[in-house]
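Participant: Please read through the structure below; I'll follow up with questions.
The values are calculated or read from the model by the stated rules, or taken from the named source; none is laboratory data. Since this is a predicted model, take the numbers as computed values, not measurements. FYI the Cβ positions are ideal-geometry reconstructions off the backbone, even for glycines, and counts take in every protein chain you see.
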Amino acid sequence: MYVIVVGGGNTGSQLAKFLLDAKHKVCVIEERPAVLKKLEAEIPQECILTGDGSSPAVLEKADIKNAQVLAAVTGSDETNLVITTLGRFEFGVPRIIARVNNAKNAWLFTPEMGVDVSLNQAEILSRLCAEEMSVGDMMTMLKIRRGKFSLVEEKIAPKAPAIGLALKDLSLPNNCVISGIIRHGEMILPRGTTILEVGDEILALVDDPAREVLAKLLSRPR
């Protein structure tokens, strides 16, 4: 996969290193001399393109027409939106990700502006804090469909209501699918007759209301 990252600061450099470690082809576009110097010490020189990532000519030089993903992660929301608009409507990049710096601008990062996925760091942190306070030890592993669904994991606590019940006998809401059970380090494919035990790690796909119901079934009664 070929990914173009516009913005070589901390977010861009970490993203580039992650992608390179995963054996993807990466081009990071950056124009600030101090940032370029730091970037050159972190990733291969051939992965760096000096220039303004909001310039169509620079994007063309980065071979954007062959990119599968474009990530606009500069420190300017206005610049990121210019980049996403160009990427989608000028060059037809299939997948576009944008960083939101100011939470007040999050409403602008929509498909109409070329954005498939927006990374609003303030919102992510606030959601994580809210989750930790509201659902105990349940951990979010993945957000799906713009956050409508989550893949979650939770270990069944002692005295939880679900202990000793077969999956078919759990009162699970419609938008809750048990996708796996880890028991003593081994993965168990869930069946309706599978009996739940203390310490089982439950993997489930849920929406927010179903998540709360599942958390009550797997947690110690209060």
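Participant: Taking the range 174-194, which residues are surrounded by fewer than 14 Cβ atoms within 10 Å (Cβ to Cβ) and in contact with a helix residue (DSSP H, G or I) (Cβ under 8 Å, 6 or more places away or on another chain)?
Facilitator: Hits for the range 174-194 are 174, 191, 192, 193.
Participant: Now for a different question. Inside the range 1-97, counting only strands (runs of 3 or more DSSP E) that do not spill past its ends, which hold 3 or more residues that are touching a strand residue (DSSP E or B) at 6+ places or on another chain (Cβ under 7 Å), more than 18 Å from residue 109 (Cβ to Cβ) and β-branched (Val, Ile, Thr)?
Facilitator: 25-30
Participant: Additional query: Within the range 2-25, restricting attention to residues that are hydrophobic (A, V, I, L, M, F, W, C) and free of Cβ contacts under 8 Å to residues at least 24 places away in the same chain, which residue is nearest to residue 57 (Cα to Cα)? So that I can check it myself, show each step before the final result.
Facilitator: From the range 2-25, those hydrophobic (A, V, I, L, M, F, W, C) are 3-6, 15-16, 18-20, 22; that's our starting set.
If we keep only those that are free of Cβ contacts under 8 Å to residues at least 24 places away in the same chain too, we end up with 18-19, 22.
On the way: 18: 27, 19: 24, 22: 28 Å.
Of everything passing the filter in the range 2-25, 19 is nearest to residue 57 (Cα to Cα).
Participant: Please return the ranges of strands (runs of 3 or more DSSP E) entirely within the range 139-199 where 1 or more residues are more than 16 Å from residue 212 (Cα to Cα).
Facilitator: Answer list for the range 139-199: 139-144, 176-183, 186-188.
Participant: Within the range 161-190, which residues are modelled with pLDDT of 90 or more and among the charged types (D, E, K, R)?
Facilitator: Within the range 161-190, 168, 169, 183 qualify.
Participant: Among the residues of the range 45-59, write down those that are surrounded by fewer than 18 Cβ atoms within 10 Å (Cβ to Cβ) and either among the aliphatic types (A, V, I, L, M) or touching a Cys at 6+ places or on another chain (Cβ under 6 Å) (or both).
Facilitator: Passing the criteria: 57, 58.
Participant: Select, from 134, 150, the only residue that is within 30 Å of residue 80 (Cα to Cα), modelled with pLDDT under 90 and of a type in the set (S, T, N, Q).
Facilitator: 150
The rows are residues; the columns are (1) surrounded by 21 or more Cβ atoms within 10 Å (Cβ to Cβ); (2) in contact with a Gly (Cβ under 9 Å, 6 or more places away or on another chain).
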| site | (1), (2) |
| --- | --- |
| 1 | no, no |
| 9 | no, yes |
| 22 | no, no |
| 31 | no, yes |
| 43 | no, yes |
| 63 | no, no |
| 67 | yes, yes |
| 78 | no, no |
